[in-house]
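Working notes, structure below.
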Amino acid sequence: MSQTLRVPLVRIAHARSGDKADWVDFGLFAWNLAGYRLIEREVTAERVRAHFAPWLPGEVDAWALPNILALKFVLRGALQGGGARNLRLDNLGKAMAGALLRLEIVVTEAELAEALEAPRVGWWGDVPPSPPGRGQG
Amino acid sequence: MIGATYPVVPIHFPTFMKSIRIGAGLGFYGDNWEPVAASIEYGHVQFIASDHLAELTLAILQKDRQRDPSLGYARDVVPMLLRLWPLMRERGVRFVCNAGGLNPMGAAQAVLAAFAAKGWQARIAVVTGDDVLPRLQDVSTPADELAHLFTGEAVSQVRERLVFGNAYLGAAPIVQALDAGADIVITGRVADAALFLGPLVHGLGWTLGGATEPQDLNRLAQGLTVGHLLECSGQGSGGNFGSQGAWKDIPDLAHIGYPIAEVWEDGTALITKAPGTGGRINFDTVRQQLLYEVHNPHAYHSPDVVLDMGGIVLHDEGHDRVRLTGARGQAPGPMLKVVAGYRDGYKAEVTWGFSWPDAWDKSQAAIATIRTQLADRRIPHDELFVEYPGLNSAHGALAPLPDAGALNAMNEIWTRLVLRTPSKAATDGFGRLFPWLALSGPAYTCGFNGLHNTSELLGIWPTLIPRVRVEPNIQVDLLGGAP
């Protein structure tokens, strides 16, 4: 049986965050179908809520978009009431996608290897595929 | 359909089907318009649509208008059009923007004046009717109308403090303006994607108002998706690509090309960019923008159509070409979204640095001194917010600080202190708490930044308003002569 590992999402996914009033929303994107199966299984609304809770306790809504290998999350009450009254330097939460990519999921070695080795779906020109975080962990 | 099944094969479109090419303008007030020039010169676009208004931009424009009633619009539209108009006129490219902000007529007059000084003529259409501040301020408005969209609170809680309130209009007045022959359309608040949907409906003859057929609604949904993919300029073509490592694979961001869409009559769209420009259009960069700030991706509301992204297929053809199909539309509801802003106190911020040795302990002692002064002088405040740029200002408690020993071994520690207060006088006095500590505080301060950095805070009031209260007031005026 393959051993299990704790892996930060940054190794198998990419993400963007943005603001709407006091809510921050996140798109989380696997690089390939193998990675998507892992994030769909592991990254539930409850996991995201628990991940942010020590910093920004708020309800989380989640949607799955298998058609684009993505998950969508909304974290409520994340901006001190909204960007124009938020005292943080990152008042619009644009850096918060990076915080989501810190979330650790549990996968088997074989699952991780598959997600890292399957090619990226997108066209990346002449550069060789470089799934993020290959050298990490 | 699952991504791994996408074949990378060229797609040939039937040549008898009409298409329109539209390019992204700015993504916010202050964006760079040189990539827009590249789209006009090398991207074969027929329209540019430019989004100057983020959620909070109207607050900035309101301050301008208070100083000078002729202002209140995004002033970058004037130098932008002085740069782009000669390129557009030569090629017959038409321009749609929401730079009018709180004063679309003022923006149009400023552009016409700048054009007149150059001896240029243009037909400019002005769209107004989005301002709903009077309705928000009207005490006779029923209590359940205009409640906070998220919390349900009644608008009476903030009524006295409102500074602006605008409904998001749809594409209809933009279509009307283009049908009337406008070269340039200047609006106030409209749904960002409507800036793009307007030219598509105009050029492709799609049914807009009252559409009920699935085919009509799905085409509008495709058009809305195109607008959403293009409205944030470089974010749709490889800019701000959140990732580890992969962002380095995006070429030449210094010369990024903003996204361009070619849209066919049936709604099929190709997302691309001008040849020779930097950035990247691919499955990854396009889908990061697709989900940006949409909340429920199965019901993305706009005044013109409700979009379900669940069936969208992004077919990566390679070489900066992504084909978009599968957006599904439903008829929009009877309400329009409104974003209002209200005065919500003030902030003052100072950033203060200390160097090794003991930089961390010294910063803690310094913060304690500031708290003592706030108490001694009875300076009214709601909170003193503290963060450490370079350590935890981006990820808060999710970026755990090293232990005190490691922190004290660091070369320097910067502390950002922000006072939140209902009192303007308190913010003005906050910066004066610091300078004397250069001589009388802990040693080796690296300096202060922002001693006079104070500003007013604004709360955002998102709400809904019945269409029937807004749409009868929408007006399209045509100014200027034939070019």
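The values are calculated or read from the model by the stated rules, or taken from the named source; none is laboratory data. Since the structure is predicted, the reported quantities are computational estimates derived from the model, not experimental observations. For neighbour counting, all protein chains shown are included, and Cβ atoms are generated from backbone atoms with ideal geometry for every residue, glycine included.
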Which one is nearest to residue B:26 (Cα to Cα) among residues in the range B:199-247 that are among the aromatic types (Phe, Trp, Tyr) and within 12 Å of another protein chain (Cβ to nearest Cβ)?
B:241
Please verify whether the range B:258-265 includes one or more residues that are surrounded by fewer than 24 Cβ atoms within 10 Å (Cβ to Cβ), more than 14 Å from every other protein chain (Cβ to nearest Cβ), touching a helix residue (DSSP H, G or I) at 6+ places or on another chain (Cβ under 7 Å) and in contact (Cβ under 8 Å) with a residue 60 or more places away in the chain.
yes
Within the set of pairs 6+ apart or on separate chains, which have a first residue in the range B:387-414 that is more than 14 Å from chain A (Cβ to nearest Cβ) and surrounded by 15 or more Cβ atoms within 10 Å (Cβ to Cβ), a second that is assigned to a loop (DSSP other than H, G, I, E, B) and at pLDDT below 95, and C-beta atoms under 7 Å apart?
B:407/B:401
Quick one: how many residues across the range B:127-162 are within 14 Å of another protein chain (Cβ to nearest Cβ), among the β-branched types (Val, Ile, Thr) and surrounded by fewer than 18 Cβ atoms within 10 Å (Cβ to Cβ)?
1
Condition met for residue B:49 (part of a loop (DSSP other than H, G, I, E, B), of a type in the set (Gly, Ala, Ser) and more than 14 Å from chain A (Cβ to nearest Cβ)):
no
Taking the conditions exactly as written (of a type in the set (D, E, K, R) and at pLDDT 90 or above), does residue B:55 satisfy them or not?
no
Candidate set from the range B:137-175 (those that are outside any helix (DSSP H, G or I) and among the acidic types (Asp, Glu)); member that is nearest to residue B:459 (Cα to Cα)
B:153
Please enumerate the residues belonging to the range A:102-123 that are crowded, with 17+ Cβ neighbours inside 10 Å and in a loop (DSSP other than H, G, I, E, B).
A:103, A:118, A:120, A:121, A:122, A:123
Mind listing just one residue for me: the one in the range B:357-386 that is away from every other protein chain (no Cβ under 14 Å) and outside any helix (DSSP H, G or I) and, of those, nearest to residue A:86 (Cα to Cα)?
B:380
Exclusive hit being at pLDDT below 95, closer than 30 Å to residue B:130 by Cα and of a type in the set (Val, Ile, Thr), set B:465, B:460
B:460
Cβ pairs under 9 Å, 6+ apart, first in the range B:306-318 and touching a residue at least 12 places away in the same chain (Cβ under 8 Å), second of a type in the set (Asp, Glu)
B:316/B:284
Out of B:365, B:340, B:359, I need the residue that is on the phi < 0 side of the Ramachandran plot and under 25 Å from the mean Cα position of the chain (by Cα). Which one?
B:340
Sole exception among (1) closer than 25 Å to residue A:98 by Cβ; (2) at pLDDT 95 or above for residue B:334, by number
(1)
What is the one condition in (1) closer than 14 Å to residue B:228 by Cβ; (2) more than 21 Å from the chain's Cα centre (by Cα); (3) at the interface with chain A (Cβ under 7 Å from one of its Cβ atoms) that residue B:282 does not satisfy?
(1)
Residue B:416: of a type in the set (D, E, K, R) and part of a helix (DSSP H, G or I), yes or no?
no
Could you check, for the range B:42-50, whether at least one of its residues is modelled with pLDDT of 95 or more, under 19 Å from residue B:193 (Cα atoms), surrounded by fewer than 20 Cβ atoms within 10 Å (Cβ to Cβ) and not aliphatic (A, V, I, L, M)?
yes
With the range B:258-346 as the region, which strands (runs of 3 or more DSSP E) entirely inside it contain at least 1 residues that are among the small types (Gly, Ala, Ser)?
B:260-264, B:269-272, B:328-330
Note: among B:314, B:307, B:290, just one is touching a helix residue (DSSP H, G or I) at 6+ places or on another chain (Cβ under 7 Å), more than 10 Å from chain A (Cβ to nearest Cβ) and aliphatic (A, V, I, L, M), namely B:307
Those residues of the range B:52-110 which are surrounded by fewer than 20 Cβ atoms within 10 Å (Cβ to Cβ), polar (S, T, N, Q) and part of a loop (DSSP other than H, G, I, E, B), in sequence order
B:70
Of B:103, B:98, which residue is at pLDDT 95 or above and touching a strand residue (DSSP E or B) at 6+ places or on another chain (Cβ under 7 Å)?
B:98
